[in-house]
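First the structure, in the form of C-alpha cells, and then the observations on it.
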Amino acid sequence: MKKTIAWFLSLVMVLSLTTGAFAATGSVAGFGGDVTVTIETDAEGVITAIQAEGPGETANIGGEAIKALNEGALAAYVGAKLADADFDALDAVTGATVTSNAVKNAAKAAKSAVTGEAAAAVTDGTYTVTTPSYSITDQLTLDVTFADGKLASIATVNAGSTAPIFATVEKNLYPRLIESQSLEVDAITGATVSSNAVKTAVAMAIEQAGGDESAWHSPVAKSSETVTLEGYDAIVVGLGGAGMTAYLSAAENGATVFGFDSAAKVGGNSTNTSGPMAINPASRLKDGKELVPEEELIQDWIAYTEGDAKEDMIRLFVGESGETLDWMEQYSFQFGDEMQAFFHPAGWQVWTSYAGKDGKTKDEAYVEALDAAKAMNEKNDYMLELTATGLITDETGAVKGVKATRYDGASYEIYGSNVILATGGFIGDEDMCNEYVNGVWRTEAMTQCDGAGIRMAQEAVDAALYNPDVAPVSHIAQVYNIIKNDDLTKDQKAVLTSIVLDSTHPIVSADGTAVNEKIGMFLAFDVWQAGPTYYVIYSQEDMDQIREKGLAAANTPMFLAQGGTVEANVPVSDLDEILSVGESYGNVFKAASLEELAAQLNMPNLTASVEAKEGAYYAIKGASYVYSTCGGLDIDANLNVLRKDGTPVENLYAIGNDSIGVLLESGKAYVTYGGAAAGWALTSGRLAGVSVAEKK
C-alpha cells in the first residue's frame, strides 16, 4: 500500500504569536498505516492537550490500544512541561506492541519538532536483540550491526516465523531497511507480523546502541512511474491455490497469461493448508470402484446447505475435483497415496494431503508450477508485491484489464481479454468482516486476502454477492492474546490453554449468551457460534478446585499448541501466577461477583446464562482462529461473475474463496467433508483457465 509518511508532519502555531502557544504533530508508521500524535502547549511550554490517532490500525487491537493510551498514559502528560516529558516511559499496550511503539515515537517526533532536540547517534557494533514474532513457540532473534553511525547489516539468529514466509522478509525487507536507513519501510505483504517484528528488533538495537529510534523514521521515496502491459489472453489476480491452477491451466491450453500477487511469495493460504477435497480421482480408485458415492454426497451436501447452495455448482465441483488432483500430479505436485475420511459421520474418503515431488515443499512446488507455465509462452509472466487497485473498463463498461500498484509506488495498467479474480476472500478487510461475518476474527491466515477482487467487481460491473455471511473456516481455538514471550513457561501456557478449551464450563458469546448446546465433539470447530470471541466462565470455587486438585481434563489444541504439557488431576499450585499474567494480556477477567463481571464486560445476558454462586467470577477470553472467509461473488457454472441483474460478465471470472459462497449456506458453517475450500480453489482455478483459453 502506498503511504505518505513523514517523521514529523508539522509545527503549527494554533494561537496568536503573542500567546506563544504551539501545536505540533508527529507521525510514524504503525501496524496498518500512519499513527500520529498531536501535542498542544501553552505559552509556558506546558502540555494542554495530547491526542494519538491511527485510523489504519486494526480496530480491536491497535485501535483499542490507541484509545487506552489516549485515556490513560498520554492524558497523564497534560499539565507537565513538554521539555520534561519522557515519552520513552510509555508502556506498550499488551497485544499491540507495534501500535504502542508508533504512538511513543510519534510523540517523541512531535516533541522534537517543538524543542529542536537533536537525536543521539548510535555506537558502532553488533547488537543481539530478541522479540516476539509470528511463531507462538519461538521468538525472533537478530544480530543488528551499525558501522559509521549507520545500519550496516541484519543477520537472522532465529526467525521465530514460518520459514518460507520469513524468507521473503530476509530477501526484501532487510536490504530495504539498510538502503533507506529508515524504519518507515513498508512491511512485506503476506509477512506483516514478521516484518513488524524485524522493525521492532532493529528499533531495539538502535536504543541498545545509544541511539533514538524516533530519529529513524525519515520518509521513504516512492516511484511515480506508470507501467503499461498489454496483449494478454488472461490476467490472473492472486497467485494462491486458485490463481496458480488458473495460470497453469490457461497457459497449458495456449493462452498468454500475466499473473500477480500482493505478497512477496506465491501460494497464499493454500501453502499453509494440508490438502484438498478430491472426489474419486481415477489414480486412487482400486479395481475401478468408487471411493465415494457421488450422488449420495451431493444430496447430503444439498441437505446440509438447505437448498441455499447452487446445486449445479456442487455438481460441478464434485465431478471435477478428482480430475484436478490427477492433473496436478502431471506437474510438480504429489498427493497422498490414499484418500482419507474427515470428520463427517459418513466417513467418505474425500481428502488427502499434498506437497511437492521429490521431497520438496508446497511452496517450492507452486513456484515450479508457475515457472513451468511461464515458460510455455515467451509473453507469459508473473509479478509479486503488485497489488490490484481496480478493474479497467471502457466507455461501454466492458472489463479491459486491471490497475495495480507496486510495492515501490509504481503504477501498473495491465490489459487483457479476460480477468480471473483469485484474491482469496476478505478475511483481511475489517469493514467487510464487520458487515458480513459479525466482526474481525483472529486468523491463521494471510490477511493480504482483503476482499480486493470482490470490491473491484462490485465497483466496476455492479457484481452480485452470494452468501457473503457464511461463517469463516474455523478449526482452531486458543486464548485471544497468545503469549509469545517468556512471561509464562510453556507448561503454564498449556494450563491457560486447557482452561480456555474446557466446554464443561459455561461458554458465552460477547454479550453473555451461552453457546454450549451448539458445540459438538470438537470445540475448535464449533465455537465460532459465539462469534469472533468467546469466554469460558469460572467461579472462584472452580479456580480453587484447579489450584488444589487440578484440572478435571487436560485439553490440548490440535493447532497452535505452545509446546508445554498439562495433566489432569494434578494440583496447579502456580494458578494465581498464570491467571495474573493472563489478566495482564487481556485473556483473564475477574470480578467480585457474576453481576460485576457482567457489568465489567458489558454482557447483558451473562446472569441469565450462568447460575450464580457466592464469590468471585472469572472470564477466560478465547478466539476462533480462522483460515478464510467463505462467501463472495455470485458466479455461474462457467465461473463468470454475475451482475446484480443476473447477467454474466463474460470475460470476468471469480474463483477460490472469492466465489465459494455458491457452495455453502448463508449464516452457516463451512461443510465438514474435509478440504472443500482448498479443493474448490484448485478445481475452480483449473476450470477458469480452460474457459479463457477456449475463447482465444
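The values are calculated or read from the model by the stated rules, or taken from the named source; none is laboratory data. For clarity, every value in this text was computed on a predicted model and none was experimentally measured. Heads up, the Cβs are rebuilt from the backbone with ideal geometry, glycines too, and the neighbour counts pull from every protein chain shown. Keep in mind that these areas ignore ligands, DNA and RNA; they rest on the heavy atoms of the full protein, side chains included. Shrake-Rupley method; radii C 1.70, N 1.55, O 1.52, S 1.80 Å.
Results for (1) out of contact with any strand residue (DSSP E or B) (no Cβ under 6 Å at 6 or more places or on another chain); (2) within 19 Å of residue 627 (Cα to Cα), shown as yes or no for each residue.
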{"residue": "418", "(1), (2)": "no, no"}
{"residue": "451", "(1), (2)": "yes, yes"}
{"residue": "464", "(1), (2)": "no, no"}
{"residue": "470", "(1), (2)": "yes, yes"}
{"residue": "476", "(1), (2)": "no, yes"}
{"residue": "486", "(1), (2)": "yes, no"}
{"residue": "491", "(1), (2)": "yes, no"}
{"residue": "498", "(1), (2)": "no, no"}
## Note on the structure
Residues in segment 483-522 that are open to solvent by 50 Å² or more (accessible area, probe 1.4 Å), part of a loop (DSSP other than H, G, I, E, B), closer than 16 Å to residue 609 by Cβ and not hydrophobic (A, V, I, L, M, F, W, C) total 4
### Message
As an exercise: evaluate residue 182 against (1) open to solvent by less than 10 Å² (accessible area, probe 1.4 Å); (2) touching a strand residue (DSSP E or B) at 6+ places or on another chain (Cβ under 8 Å); (3) of a type in the set (Gly, Ala, Ser) and give the number of the one condition it does not meet.
### Response
(2)
### Task
Report yes if some residue within segment 593-613 is open to solvent by less than 10 Å² (accessible area, probe 1.4 Å) and in a strand (DSSP E or B); otherwise report no.
no
### Task
State which residue pairs qualify: first residue crowded, with 21+ Cβ neighbours inside 10 Å and inside segment 198-214, second residue assigned to a helix (DSSP H, G or I) and of a type in the set (Lys, Arg) in any location, beta carbons under 9 Å apart, and separation of 6 or more residues or different chains.
213/104; 213/108; 214/104; 214/108; 214/111
### Query
Quick check: anything in segment 621-643 closer than 30 Å to residue 587 by Cα and open to solvent by 20 Å² or more (accessible area, probe 1.4 Å)?
yes
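Going by what's in this entry, would residue 651 be described as at pLDDT 95 or above, open to solvent by less than 20 Å² (accessible area, probe 1.4 Å) and more than 24 Å from residue 526 (Cβ to Cβ)?
Working: at pLDDT 95 or above: yes; open to solvent by less than 20 Å² (accessible area, probe 1.4 Å): no; more than 24 Å from residue 526 (Cβ to Cβ): yes.
For residue 651, the condition - at pLDDT 95 or above, open to solvent by less than 20 Å² (accessible area, probe 1.4 Å) and more than 24 Å from residue 526 (Cβ to Cβ) - is not met.
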### Query
Just for segment 654-682: of the residues that are on the phi > 0 side of the Ramachandran plot and at pLDDT below 95, which one is surrounded by the fewest Cβ atoms within 10 Å (Cβ to Cβ)?
667
### Summary
For segment 363-391, pairs from a residue that is within 17 Å of residue 234 (Cα to Cα) and of a type in the set (Lys, Arg) to a residue that is in a loop (DSSP other than H, G, I, E, B) and at pLDDT 95 or above, with Cβ under 9 Å and 6 or more apart or across chains, are 374/380; 379/256
### Message
Can you tell me which of (1) touching a Pro at 6+ places or on another chain (Cβ under 6 Å); (2) within 18 Å of residue 268 (Cβ to Cβ); (3) not charged (D, E, K, R) is the one residue 370 doesn't meet?
### Response
(1)
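If you go through segment 541-577, how many residues are among the small types (Gly, Ala, Ser), in contact with a Ser or Thr (Cβ under 8 Å, 6 or more places away or on another chain) and either free of Cβ contacts under 8 Å to residues at least 40 places away in the same chain or surrounded by fewer than 13 Cβ atoms within 10 Å (Cβ to Cβ) (or both)? Lay out the reasoning, then the answer.
So in segment 541-577, the residues among the small types (Gly, Ala, Ser) come out as 550, 552-554, 561, 563-564, 568, 573.
Imposing the further condition that a residue be in contact with a Ser or Thr (Cβ under 8 Å, 6 or more places away or on another chain) reduces the set to 552-554, 561, 563-564.
Cutting the leftovers down to either free of Cβ contacts under 8 Å to residues at least 40 places away in the same chain or surrounded by fewer than 13 Cβ atoms within 10 Å (Cβ to Cβ) (or both) gives us 563.
Total meeting the criteria: 1.
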#### Entry: Selection from segment 301-336 of residues that are open to solvent by 20 Å² or more (accessible area, probe 1.4 Å) and without any contact (Cβ under 8 Å) to a residue 40 or more places away in the chain
302, 303, 307, 311, 315, 330, 334
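Restricting to segment 357-394, and then to whatever is of a type in the set (Ser, Thr, Tyr) and under 12 Å from residue 247 (Cβ atoms), can you tell me which residue is surrounded by the fewest Cβ atoms within 10 Å (Cβ to Cβ)?
Filtering segment 357-394 down to residues of a type in the set (Ser, Thr, Tyr) leaves 361, 366, 382, 387, 389, 393.
With the extra rule that they be under 12 Å from residue 247 (Cβ atoms), the set shrinks to 366, 382.
On the way: 366: 27, 382: 20.
So the residue we want is 382.
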### Task
Report yes if some residue within segment 638-657 is closer than 30 Å to residue 487 by Cβ, of a type in the set (A, V, I, L, M, F, W, C) and touching a Leu at 6+ places or on another chain (Cβ under 6 Å); otherwise report no.
no
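Out of all the residues in segment 81-98, is one or more among the aromatic types (Phe, Trp, Tyr) and modelled with pLDDT of 90 or more?
Pass one, segment 81-98, residues among the aromatic types (Phe, Trp, Tyr): 87.
After this cut, where a residue has to be modelled with pLDDT of 90 or more as well, the list is none.
Looking for residues that are among the aromatic types (Phe, Trp, Tyr) and modelled with pLDDT of 90 or more, one finds none in segment 81-98, hence no.
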### Task
Please state which one of 158, 172 is buried (at least 20 other Cβ atoms within 10 Å of the Cβ), among the polar types (S, T, N, Q) and either over 28 Å from residue 478 (Cα atoms) or free of Cβ contacts under 8 Å to residues at least 60 places away in the same chain (or both).
172
### Query
Here are 26, 20: which of them is open to solvent by less than 10 Å² (accessible area, probe 1.4 Å), at pLDDT below 80 and over 23 Å from the mean Cα position of the chain (by Cα)?
26
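Is it the case that segment 534-557 has a residue that's assigned to a loop (DSSP other than H, G, I, E, B) and in contact with a Phe, Trp or Tyr (Cβ under 6 Å, 6 or more places away or on another chain)?
Just the residues of segment 534-557 that are assigned to a loop (DSSP other than H, G, I, E, B), to begin with: 550, 552-557.
Filter again for in contact with a Phe, Trp or Tyr (Cβ under 6 Å, 6 or more places away or on another chain), leaving none.
The answer is no; no qualifying residue exists.
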### Message
Step by step: first the residues of segment 62-87, then only those that are of a type in the set (A, V, I, L, M, F, W, C) and free of Cβ contacts under 8 Å to residues at least 24 places away in the same chain, then the one that is surrounded by the fewest Cβ atoms within 10 Å (Cβ to Cβ). Which residue is that?
### Response
76
### Message
Out of everything in segment 395-426 that is closer than 23 Å to residue 696 by Cβ and among the charged types (D, E, K, R), what residue ends up being most open to solvent (accessible area, probe 1.4 Å)?
### Response
400
### Tabulated pairs, segment 594-607, first closer than 14 Å to residue 507 by Cα and modelled with pLDDT of 95 or more, second among the acidic types (Asp, Glu) and exposed (fewer than 15 other Cβ atoms within 10 Å of the Cβ), C-beta under 8 angstrom, 6+ apart or interchain
607/595
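Among the residues of segment 95-118, write down those that are in a loop (DSSP other than H, G, I, E, B) and open to solvent by 50 Å² or more (accessible area, probe 1.4 Å). Full working, then the answer.
Step one: list which residues in segment 95-118 are in a loop (DSSP other than H, G, I, E, B), which gives 95-96, 116-118.
Across segment 95-118, the qualifying residues are 116, 117, 118.
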### Message
Quick test of your reading of the structure: residue 125 fulfils all but one of (1) modelled with pLDDT of 95 or more; (2) within 28 Å of the chain's Cα centre (by Cα); (3) small (Gly, Ala, Ser); (4) open to solvent by less than 40 Å² (accessible area, probe 1.4 Å). Name the failing condition by number.
### Response
(2)
### Query
Would it be correct to say that residue 37 is without any contact (Cβ under 8 Å) to a residue 60 or more places away in the chain and aliphatic (A, V, I, L, M)?
no
